[in-house]
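Asks: Can you read through this structure? Questions will come right after.
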Number of protein chains: 2
Amino acid sequence: MNTNGPCNTDQATGVTYRDAGVDIDTKMTAVEQIKARAASTLGDTAGPIGHFGGTYRMPGAPGQILVASADGVGTKLRLAFTVGGAAHARMGEDIVNHCANDILALGARPHFFLDYFATGQLDPEVVASVVGGVADACAANGMALLGGETAEMPDMYAAGEYDLAGFIVGSVMDSDIVDGSAVQPDDVVIGLPSTGLHTNGYSLARKIVGMTGDLPRDRELLAQPLPGGGNGESIGESLLAPHRSYVGDVMPLLEDGLVRGMAHITGGGLSDNLPRTLPHDCIARLDPMAWDTPFIFDHLVNVGQMSIAERYRVFNMGVGFVLIVAPESADEVMSRLPEGRLIGQIIPRVTSDESAVQGLSC
Amino acid sequence: MNTNGPCNTDQATGVTYRDAGVDIDTKMTAVEQIKARAASTLGDTAGPIGHFGGTYRMPGAPGQILVASADGVGTKLRLAFTVGGAAHARMGEDIVNHCANDILALGARPHFFLDYFATGQLDPEVVASVVGGVADACAANGMALLGGETAEMPDMYAAGEYDLAGFIVGSVMDSDIVDGSAVQPDDVVIGLPSTGLHTNGYSLARKIVGMTGDLPRDRELLAQPLPGGGNGESIGESLLAPHRSYVGDVMPLLEDGLVRGMAHITGGGLSDNLPRTLPHDCIARLDPMAWDTPFIFDHLVNVGQMSIAERYRVFNMGVGFVLIVAPESADEVMSRLPEGRLIGQIIPRVTSDESAVQGLSC
């Protein structure tokens, strides 16, 4: 079953991210204010804020651009609190891969990572598990775990709970930055598959599957087999699927100059992230039937009766990373990315009020 | 009144950081595990973890060492939740200055900063205030606010509460790193005054002053004048005193090669932070009567009946940053630091089991 295409959802009654307590519009307003304040601190050396990472021209290193990003795991953490065990290490991997993909989207190779782990009362086993996951993922992405902060904050976090954020620095030569400015009509849009929700949309997903914070009951819910899941995986396993890194797949293509634009599909989905790498005169027309959507999305979209607009803004819907390449490069890129799918095409913008991403609604 | 010197505290009945829910020893055990895991990810380019910042040798930039650090505001945030208003901007300044001092302690000039702000429900006014403080402090420290993450996580944070962490990157030439290896006997220890607790010891301080989380009652407590405070400031104002940056004072001394070792006095106090910049064969002998202790510490130490060992491990006790300089440089450095105090001397270690910092107990 593929829920991308058919317009069979009652959009008036569907659950929204706002219902789950997350207001993307309020966040966007706050982010705009932050950008304005931050812009006042940027000198000649720093680039604009708003892409997937911030850029900084390294003094004394001609042509070298440092690219940095900060992010958190978000409420996927509550899955780990509920399930425990190996899920804690997964959180560590998730935040590293999330950050690595963010700076990859500008063409940067990751150099080092620092984590921020805050909890009410330190459980050495949990800390070791989370940081073990962080260290493993750093090694897999070819970067150093350079440090971090482990904070014990009684009265701030409930027993057994923690927050986890990450900070990454990489670099790219200024001539090699991929910011989408080279994207043009007729370019090809290639999607790389996600493993699931990665690290976005969990406040809504938890609400849809019925998690309430009652641990024994939530564990039962998560242990149920995913409807339509095929291989018998549980809802919990599907929701805990790791945020994968695209560094290994994409970096060789960047070295060969084959990519014009990239987007890491995180909060805001394809609808909000793809425009970040599109020139204003270009539109991405997508074909949602062109890729397979993991069963977990079908389940969430159906149970939550989510509108089509909402699902593509809250979830990645199966596409974790997007490459935009020249038509003449498409065959080579596709041959080097066995999992890649041709998911759309760049077309010229006709009117200024057109949506920058089309094909995701009926 | 100066509580540093006299041994008038009943050490058996005094309140400890552990009583307040923070176990520094457990944290140290966890940190050791983290270091071991992190060390496995460090290649030729990255330096050892354990100083105030992590170091990374920048590829393509001969001699350039990037220095990075991550930190959080900790439970000082609860003061801002209680008092509101301008206290939110203060939290932003606090985290930036904390991070700037951390990498300064290795000799690094700050380049850029990213923040992580996580809350249950975004309040645009609070976000704007916090990030305004971050931006102001970045500008004051001569660095760029390059980006950050603003996370809305319902079910993770209580209404009106948030966590705030920061990440900083600076650089130093490898020949200019100040890691304490040049420190030797007869060197002089100079203390720079703190404004108060900066960002450490607040879980205990809140317990000592009697804050319970009952907002109206806590506000009344904080509005009371600080006993012995002289200028009539309230307990709340004293506790909210800003974490000051030492970048402006110290960087010119570094440029002139006048400093052999530095320590940022954060969690762990003088007792745990000063040893980080001491060679194994050196001991710092301090004279606690040599500097003025802000009244807030007298109040906390007296009400909490804190043992001498505990107070110097939990609080900075009035010394926010320490410089170790050669005897022949002492006069020049002191003349350039009007607020500096000669607080001790480096002496040779005689036996391997001696404490690395002496003079802080009876």
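The values are calculated or read from the model by the stated rules, or taken from the named source; none is laboratory data. Only a predicted model underlies this, so the values are computations on that prediction, with no experimental measurement involved. Virtual Cβ from ideal backbone geometry, glycine too; neighbours counted across all protein chains shown. SASA here: full protein model, heavy atoms, side chains in, ligands and nucleic acids out. Shrake-Rupley method; radii C 1.70, N 1.55, O 1.52, S 1.80 Å.
Asks: Given the condition of a type in the set (Ser, Thr, Tyr), modelled with pLDDT of 95 or more, outside any strand (DSSP E or B) and open to solvent by less than 50 Å² (accessible area, probe 1.4 Å), answer yes or no: does some residue in the range B:322-329 qualify? Lay out the reasoning, then the answer.
Replies: At the first step, the residues of the range B:322-329 found to be of a type in the set (Ser, Thr, Tyr) are B:329.
Cutting the leftovers down to modelled with pLDDT of 95 or more gives us B:329.
From what is left, the residues that are outside any strand (DSSP E or B) are B:329.
Checking the rest, the ones that are also open to solvent by less than 50 Å² (accessible area, probe 1.4 Å) come to B:329.
Yes, the conditions are met somewhere in the range B:322-329.
Asks: Also, quick follow-up: Mind checking which pairs have a first residue in the range A:153-174 that is more than 7 Å from every other protein chain (Cβ to nearest Cβ) and a second that is open to solvent by 30 Å² or more (accessible area, probe 1.4 Å) and at pLDDT below 95, Cβ under 7 Å, 6 or more apart or different chains?
Replies: From the range A:153-174, the pairs are A:ALA159/A:GLN121.
Asks: Looking only at the range B:143-152, how many residues end up being charged (D, E, K, R) and either touching a helix residue (DSSP H, G or I) at 6+ places or on another chain (Cβ under 8 Å) or more than 9 Å from chain A (Cβ to nearest Cβ) (or both)?
Replies: Start the filter on the range B:143-152 by keeping residues that are charged (D, E, K, R), which leaves B:149, B:152.
If we keep only those that are either touching a helix residue (DSSP H, G or I) at 6+ places or on another chain (Cβ under 8 Å) or more than 9 Å from chain A (Cβ to nearest Cβ) (or both) too, we end up with B:152.
Residues in the range B:143-152 being charged (D, E, K, R) and either touching a helix residue (DSSP H, G or I) at 6+ places or on another chain (Cβ under 8 Å) or more than 9 Å from chain A (Cβ to nearest Cβ) (or both): 1 in total.
Asks: Identify, from the list A:GLU237, A:GLU255, the residue that is surrounded by fewer than 21 Cβ atoms within 10 Å (Cβ to Cβ) and under 23 Å from A:MET143 (Cα atoms). Before you say what the answer is, go through the steps one by one.
Replies: Values: A:GLU237 fails: under 23 Å from A:MET143 (Cα atoms).
Selected residue: A:GLU255, the only one of A:GLU237, A:GLU255 that is surrounded by fewer than 21 Cβ atoms within 10 Å (Cβ to Cβ) and under 23 Å from A:MET143 (Cα atoms).
Asks: So which residues in the range A:330-362 are open to solvent by less than 10 Å² (accessible area, probe 1.4 Å) and in a strand (DSSP E or B)?
Replies: A:ILE343, A:ILE346, listed by residue number.
Asks: On to the next question. Go through (1) at pLDDT below 70; (2) of a type in the set (Ser, Thr, Tyr); (3) under 24 Å from the mean Cα position of the chain (by Cα) and name the single condition B:THR9 misses.
Replies: Status for B:THR9: all satisfied but (3).
Asks: Step by step: first the residues of the range A:50-61, then only those that are open to solvent by 10 Å² or more (accessible area, probe 1.4 Å) and in a strand (DSSP E or B), then the one that is nearest to the other protein chains (Cβ to nearest Cβ). Which residue is that?
Replies: Filtering the range A:50-61 for residues that are open to solvent by 10 Å² or more (accessible area, probe 1.4 Å) and in a strand (DSSP E or B), the one nearest to the other protein chains (Cβ to nearest Cβ) comes out as A:TYR56.
Asks: Further question on the same structure: I need the full set of residues from the range B:201-219 which are part of a loop (DSSP other than H, G, I, E, B) and within 11 Å of chain A (Cβ to nearest Cβ), in order please. Full working, then the answer.
Replies: Step one: filter the range B:201-219 for residues part of a loop (DSSP other than H, G, I, E, B), giving B:201, B:210-214.
Listed by number, the residues that qualify are B:MET211, B:THR212, B:GLY213.
Asks: Test each condition in (1) within 10 Å of chain B (Cβ to nearest Cβ); (2) closer than 30 Å to A:ALA159 by Cβ for A:GLU93 and report the one that comes out false.
Replies: Going through the list (1) within 10 Å of chain B (Cβ to nearest Cβ); (2) closer than 30 Å to A:ALA159 by Cβ, A:GLU93 breaks only (1).
Asks: Select, from B:VAL189, B:VAL209, the only residue that is surrounded by 14 or more Cβ atoms within 10 Å (Cβ to Cβ) and touching a strand residue (DSSP E or B) at 6+ places or on another chain (Cβ under 9 Å). Step through it out loud before you land on a result.
Replies: On the way: B:VAL209 fails: touching a strand residue (DSSP E or B) at 6+ places or on another chain (Cβ under 9 Å).
Only one candidate passes the filter, namely B:VAL189.
Asks: Among A:VAL169, A:VAL183, which is the only one that is within 20 Å of the chain's Cα centre (by Cα) and open to solvent by less than 20 Å² (accessible area, probe 1.4 Å)?
Replies: Numbers: A:VAL183 fails: within 20 Å of the chain's Cα centre (by Cα).
After applying the criteria, what remains is A:VAL169.
So that you can scan it fast, the table gives a plain yes or no per residue for (1) open to solvent by 10 Å² or more (accessible area, probe 1.4 Å); (2) small (Gly, Ala, Ser):
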{"residue": "A:MET153", "(1), (2)": "no, no"}
{"residue": "A:LEU164", "(1), (2)": "no, no"}
{"residue": "A:SER175", "(1), (2)": "yes, yes"}
{"residue": "A:HIS198", "(1), (2)": "no, no"}
{"residue": "A:GLU220", "(1), (2)": "yes, no"}
{"residue": "A:HIS243", "(1), (2)": "no, no"}
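Asks: Oh, and also: Could you grab me the full set of residues in the range A:116-142 that are facing chain B (nearest Cβ under 7 Å) and either in contact (Cβ under 8 Å) with a residue 24 or more places away in the chain or of a type in the set (A, V, I, L, M) (or both)? Walk me through it before giving the result.
Replies: Narrowing the range A:116-142 to residues facing chain B (nearest Cβ under 7 Å): A:116, A:118, A:121-122, A:124, A:127-128, A:131-132, A:135, A:138-139.
Within the range A:116-142, A:TYR116, A:ALA118, A:GLN121, A:LEU122, A:VAL127, A:ALA128, A:VAL131, A:GLY132, A:ALA135, A:CYS138, A:ALA139 qualify.
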